[in-house]
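First comes the structure, then the notes that go with it.
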Amino acid sequence: MTVIRRLNCFDTPKIKKMISYLGSDDGEKFSKAITNEAFVMLHAILPLKYKFLPESYILLEKGEILGLITVVPTSGNPYKINITRLIFQQNLYDVGKRLVEFVIARFGAKGAISFNVTVDQSHDELLDLFMQGCGFRQCSYENLWKLDNFVPKSNKKADFRYCQNSDAKSISRLYNSELKNLYKPSLERIKDEYKEPIFAGMTNFYKNRYVLEEPAKHRIVAYLSITTSDNQNFIIDMSLNDGYDIPYDEIINFALGEISRKKTNYFAFLKHRQYTKTADDLEKYLHERNLNCIQTQCVLVKDFYRPIKQAENELQIFLFGENKVAQN
């Protein structure tokens, strides 16, 4: 008999055995994260609008764990669900498909409107699982460029300040305005996604956020975030108003300066989102600086809508994102 249920504290020894092949550091971090999730049982009974922590589900057959999936609601928008972890026994792709379908059905019934996942472009089988098997569609790509031995052309730094919750509306407008029109329906963000979460200390990562204003108008023209989950590897992400010429050197100088104030030895990476209007300019700059792209991930999205209400005894009509024709 096959069962899919929420992970609990009694499952952790079996999960640790499943991931024993991982390196010592990765295995330790993974085990710690899974153990923490397994003990936070109260979170499971919260309505979707109040959820903020990861939740993991396992597929069992005859008492053996064959797979695991983890989902995390987007901070500030819990109706947008992120799939952050998928594990299954070698070549059991059907197990992965069933787990993905399970969380889509479970959270869709609770009111979720979209599901997102980023998959390394080299994993053809996994891409097929999500796209052919589960109806996800590929939006675009996100790349990570390692800022290894980065030497700026000048020592000037952009004059960023710390982000405040009152900036959230302006930042969401800035982010949405830099999206290419083709991707806006799927990738737009609401202002609450840029507010500091109430339970920020309980998340499994740490993020510093900054904004750059046009002095004369106090208009936000750039947003910068620095995120780390291990206090060793830092990911720099930025949103820029394409109407302003803000030197990338000055932005990176500022970000590296902020990291080095807290850490002497670290690794820094710049996120390059190919679905933005400035993506080509940023890529050209990165090549000119002889930096290396170390990772390319496909951004996959699945929209989930409730059936349109029809008169009794009539057919139910379902609308899914992949069938949309009109674009903004």
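Looking at region 80-113, which of its residues are in a strand (DSSP E or B) and either modelled with pLDDT of 95 or more or outside the structural domain of LYS16 (by TED's automatic domain parsing) (or both)? Matches in region 80-113: LYS80, ILE81, ASN82, ILE83. Are any of the residues in region 144-151 buried (at least 20 other Cβ atoms within 10 Å of the Cβ), at negative phi, acidic (Asp, Glu) and touching a residue at least 40 places away in the same chain (Cβ under 8 Å)? No, region 144-151 contains no residue that is buried (at least 20 other Cβ atoms within 10 Å of the Cβ), at negative phi, acidic (Asp, Glu) and touching a residue at least 40 places away in the same chain (Cβ under 8 Å). Apart from one condition, TYR244 fits all of (1) aromatic (Phe, Trp, Tyr); (2) surrounded by 14 or more Cβ atoms within 10 Å (Cβ to Cβ); (3) under 23 Å from GLU288 (Cβ atoms); (4) modelled with pLDDT under 90; the exception is (2).
Out of region 170-188, which residues are farther than 15 Å from ASN241 by Cα and crowded, with 20+ Cβ neighbours inside 10 Å? Correct list: SER186, LEU187. Might you let me know whether region 184-201 holds any residue that is over 21 Å from PRO73 (Cα atoms), in the same structural domain as PHE160 (by TED's automatic domain parsing) and of a type outside the set (Lys, Arg)? No: zero hits.
Evaluate the following for THR296: is it at pLDDT below 95 and of a type in the set (Val, Ile, Thr)? Break it down stepwise before answering.
On the way: at pLDDT below 95: no; of a type in the set (Val, Ile, Thr): yes.
Taking the combined requirement at face value, the residue does not satisfy it.
Within region 171-184, residues that are assigned to a strand (DSSP E or B) sit with their Cβ atoms under 8 Å from residues that are not polar (S, T, N, Q), at 6+ positions apart or across chains, in these pairs: LEU179/LEU187; LEU179/GLU188; LEU179/TYR275; LEU179/LYS277.
Any residue in region 246-253 that is under 23 Å from the mean Cα position of the chain (by Cα) and either under 15 Å from PHE160 (Cβ atoms) or assigned to a loop (DSSP other than H, G, I, E, B) (or both)? Within region 246-253 (the criterion being under 23 Å from the mean Cα position of the chain (by Cα) and either under 15 Å from PHE160 (Cβ atoms) or assigned to a loop (DSSP other than H, G, I, E, B) (or both)), the answer is yes, since at least one residue qualifies. With respect to (1) modelled with pLDDT of 90 or more; (2) surrounded by fewer than 16 Cβ atoms within 10 Å (Cβ to Cβ); (3) out of contact with any Phe, Trp or Tyr (no Cβ under 7 Å at 6 or more places or on another chain), the lone exception for GLU125 is condition (3). Of all residues in region 231-251, those that are assigned by TED's automatic domain parsing to the domain that holds SER170 have Cβ atoms under 6 Å from Cβ atoms of residues that are in a loop (DSSP other than H, G, I, E, B) and modelled with pLDDT under 90, 6 or more apart or on another chain, in ASP249/PRO152; ASP249/LYS153.
Could you grab me the full set of residues in region 58-72 that are out of contact with any helix residue (DSSP H, G or I) (no Cβ under 7 Å at 6 or more places or on another chain) and surrounded by 18 or more Cβ atoms within 10 Å (Cβ to Cβ)?
Passing the criteria: THR70, VAL72.
Any residue at all in region 130-153 that is out of contact with any strand residue (DSSP E or B) (no Cβ under 8 Å at 6 or more places or on another chain) and in a helix (DSSP H, G or I)? Yes, the conditions are met somewhere in region 130-153.
The values are calculated or read from the model by the stated rules, or taken from the named source; none is laboratory data. Everything quoted here is computed from the prediction, not taken from an experiment. Please note: Cβ atoms are built from the backbone with ideal geometry, for glycine as well, and neighbour counts cover all protein chains shown.
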